[in-house]
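S.K.: What follows is a single structure, and I will ask about it in a moment.
Just so it is clear, none of the values below were taken in a lab; they were calculated from the coordinates. Predicted, not measured: the structure shown is a model, and the values here were computed from it. When we count neighbours, we look across all protein chains shown, and the Cβ atoms used for this are built from the backbone with ideal geometry, even at glycine.
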Amino acid sequence: MARSYRYLHYDVFTDHLFGGNQLAVFLDGRGLSTETMQAIAKEMNFSETTFVLPPESKETDVRMRIFTPGEELPMAGHPTIGSTFALARTGVIEPKRERFVFGLGIGPVPVTLTWNGDELSFAWMTQKGPTFSEPIPDKAAAAAALSLSPAAVAGTGHPVQEVSCGVPFLFVPLTTRSAVDNASVNAGVLDAFMRSSKAAAHGVFLFSAQPGSDHATVYSRMFAPDLGISEDPATGSASGPLGCYLVKHRIVAPENAGAMLSLQGVKMGRPSHVHISIGMQNGDINNVRVGGEAVLAGEGTLYV
């Protein structure tokens, strides 16, 4: 006989419905095998789907597993933020609580909470400190993989570089917002470029620091075809290392590192506002946080 599993559907990194990145949160994943979780994530067909489970250590409040339609992830940003809102709504996180710890594949991940009365209004997740790989010198090949002119990348004066705060992403700076919008992944060329560059990243994150009327620090897009994600409306796990990249390469001054905003998903019609805070001490990065809001879009039951 089929069992029923309740889930909540959230739009994450937005303050209104139909924006941000969609997420399905299964509130009790007990009894589901890894294979079934993966099949459910493919069925939901959001960028990610999460499954909440009992904690496995005293350091954490819950265990959580995160799946794209293609594979399981050790950590991801919008699933962590969205699941925080889901657990607050259902009372697992009691009102006014200031800190909650998820047990993810990479280990404990703390989240700090801001409340408006008894309603959660904002959540910050803490990410690991950054690891920077050596810059990739072939900017022309990076541009070709994105169907752009070499000047769109080389003209920034900044490197194409892999950075990780738990999950590696390849960051490609572009001269203008128009270049970000005009980018189109050539899957075969991108795969060859990633292999020749020996990049560990599955996702390619494009951004421009060109100012706009929206006051965003950067305007961005993310492609991860290897994960079954043609384009992601908001990528929290990439946004921490993005902030570290911006500070390291002086695109953002250290005094402004605590309040950055990445505007992502515009080209998809799902604008997302990802807040980034990088803590500095004696010129070094000592704290990485990514935060945002989430809106309940619906709920349902899946019979498995």
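S.K.: Quick one: which residues, 5 or more positions from residue 122 or on another chain, have an amide H under 5 Å from its amide H? H modelled 1.01 Å from N in the peptide plane, none for Pro or chain starts.
M.R.: Long-range HN contacts for residue 122: 114.
S.K.: Quick one: what are the phi-derived ³J(HN,Hα) couplings along the stretch 26-31, Karplus 6.51/-1.76/1.60 with θ = phi - 60°, whole Hz, x for glycine and proline?
M.R.: Values, residue by residue: 8, 6, 8, x, 4, x Hz.
S.K.: For the stretch 119-225, run through the trypsin sites (Lys or Arg not before Pro) and keep only the ones in DSSP coil with at most 13 other Cβ atoms within 10 Å of their Cβ. Don't skip to the answer; put the middle values down first.
M.R.: Details: sites: 128, 139, 177, 195, 198, 221; in loops: 128, 198.
Within the stretch 119-225, the qualifying trypsin sites (Lys or Arg not before Pro) (loop, at most 13 other Cβ atoms within 10 Å) are 198.
S.K.: Evaluate the distance, in nm, between pseudo-label points positioned 7 Å from the Cα of residue 97 and of residue 198 along their respective Cα→Cβ axes.
M.R.: Placing both labels 7 Å along Cα→Cβ, they lie 4.4 nm apart.
S.K.: Three principal axis extents, largest first, for the C-alpha atoms of the stretch 1-115, in Å?
M.R.: Sorted from largest, the Cα extents of the stretch 1-115 read 38, 36, 28 Å.
S.K.: Something else now. Work out from phi, with θ = phi - 60° and the Karplus expression 6.51 cos²θ - 1.76 cosθ + 1.60, the ³J(HN,Hα) of each residue of the stretch 127-139, listed in order in whole Hz, and give x for Gly and Pro.
M.R.: In residue order, the calculated couplings are 10, 5, x, x, 10, 9, 7, 5, x, 8, x, 7, 5 Hz.
S.K.: I've got another one for you. Please arrange 1, 222 by how many other C-beta atoms lie within 10 Å of their C-beta, fewest to most. Walk me through the intermediate numbers first.
M.R.: On the way: 1 3, 222 25.
With the sparsest Cβ surroundings first, the list reads 1, 222.
S.K.: Sorted by mean Cβ packing within 10 Å, highest first, what order do the peptides 281-289, 235-243 take? Provide the component values of the computation, followed by the final result.
M.R.: Values: 281-289: 12.7, 235-243: 31.2.
Top to bottom by mean Cβ count within 10 Å: 235-243, 281-289.
S.K.: Another question, if that's okay. Jot down the per residue volume, in cubic angstrom and as a whole number, of the convex hull over the alpha-carbon atoms of the stretch 1-55.
M.R.: Working: hull volume 5.5 nm³, N = 55.
Each residue corresponds to 99 Å³ of Cα convex hull volume.
S.K.: Could you quote the convex hull projected area for the stretch 46-104, Cα atoms only and averaged over all directions, in nm²? Display every interim value, and only then the final one.
M.R.: Numbers: hull surface 16.5 nm².
Approximately 4.1 nm², given one-decimal rounding.
S.K.: Debye calculation, C-alpha points only, no solvent: report log10 I(q)/I(0) for the chain at q = 0.07, 0.09, 0.10 Å⁻¹, in the same order as the q values.
M.R.: Evaluating at q = 0.07, 0.09, 0.10 Å⁻¹ gives log10 I(q)/I(0) of -0.25, -0.42, -0.52.
S.K.: Ranking request for peptides 251-257, 77-83: highest mean number of other beta-carbon atoms within 10 Å first, then the rest in descending order. Walk me through the intermediate numbers first.
M.R.: Details: 251-257: 14.1, 77-83: 30.7.
Descending packing order for the listed peptides: 77-83, 251-257.
S.K.: At a Förster radius of 45 Å, what calculated FRET efficiency corresponds to the Cβ-Cβ distance of residue 35 and residue 286, to the nearest 0.05?
M.R.: Working: r = 40 Å, r/R0 = 0.89.
Step by step, r from the Cβ atoms, then E = 0.65.
S.K.: Right, something else. Out of the stretch 11-74, which GluC sites (Glu not before Pro) are coil in DSSP terms and have no more than 14 other C-beta atoms within 10 Å?
M.R.: On the way: sites: 35, 43, 48, 56, 59, 71, 72; in loops: 56, 59, 71.
Listed in order of number, the matching sites are 56, 59, 71.
S.K.: Right, another one. Could you tell me what fraction of 2.2 N^0.38 Å the Cα radius of gyration of the stretch 131-288 comes to, as a two-decimal ratio? All intermediate terms of the calculation are to be shown ahead of the outcome.
M.R.: On the way: Rg = 14.3 Å, N = 158, 2.2 N^0.38 = 15.1 Å.
Here the Cα radius of gyration is 0.95 times the empirical estimate.
S.K.: Which entries in 96/267; 42/139; 42/96; 139/198; 58/96 show an alpha-carbon gap greater than 26 Å? Intermediate results must be reported in sequence, preceding the final value.
M.R.: Values: 96/267 36 Å; 42/139 34 Å; 42/96 35 Å; 139/198 14 Å; 58/96 21 Å.
Result: 96/267; 42/139; 42/96 exceed 26 Å.
S.K.: Distance between Cα centroids, the stretch 166-198 to the stretch 1-67: provide it in whole Å.
M.R.: 28 Å
S.K.: Using just the C-alpha positions of the stretch 234-301 as equal point scatterers, what log10 of I(q)/I(0) does the Debye formula give at each q in 0.22 1/Å?
M.R.: Values, matching the q order: -0.90.
S.K.: Next up: Grab the Cα-Cα distance for residue 42 and residue 28, subtract it from 0.36 nm times how many residues apart they are, and report the gain in nm with one decimal. Before the final figure, lay out each step's value.
M.R.: Numbers: separation 14, 0.36 × 14 = 5.04 nm, distance 1.81 nm.
Once the chain is fully extended between residue 42 and residue 28, it gains 3.2 nm.
S.K.: At a Förster radius of 51 Å, what calculated FRET efficiency corresponds to the Cβ-Cβ distance of residue 299 and residue 187, to the nearest 0.05?
M.R.: On the way: r = 35 Å, r/R0 = 0.69.
For residue 299 and residue 187, the calculated efficiency is 0.90.
S.K.: Taking the stretch 63-217, how much of its Cα-Cα pair set, in percent, is spaced more than 24 angstrom apart? Spell out each step's value before the answer.
M.R.: On the way: 5751 of 11935 pairs.
Cα-Cα pairs of the stretch 63-217 separated by over 24 Å account for 48 percent.
S.K.: Here's another thing I want to ask about it. So how do 204, 92 line up by other beta-carbon neighbours within 10 Å, fewest first? Display every interim value, and only then the final one.
M.R.: Numbers: 204 27, 92 16.
Going from sparsest to densest Cβ surroundings: 92, 204.
S.K.: Here is a follow-up. For the stretch 1-95, which trypsin sites (Lys or Arg not before Pro) are both in a DSSP coil and crowded by at most 15 other Cβ atoms within 10 Å?
M.R.: On the way: sites: 3, 6, 30, 42, 58, 63, 65, 89; in loops: 3, 30, 58.
Those that pass, being in a loop and sparsely packed, are 3, 30, 58.
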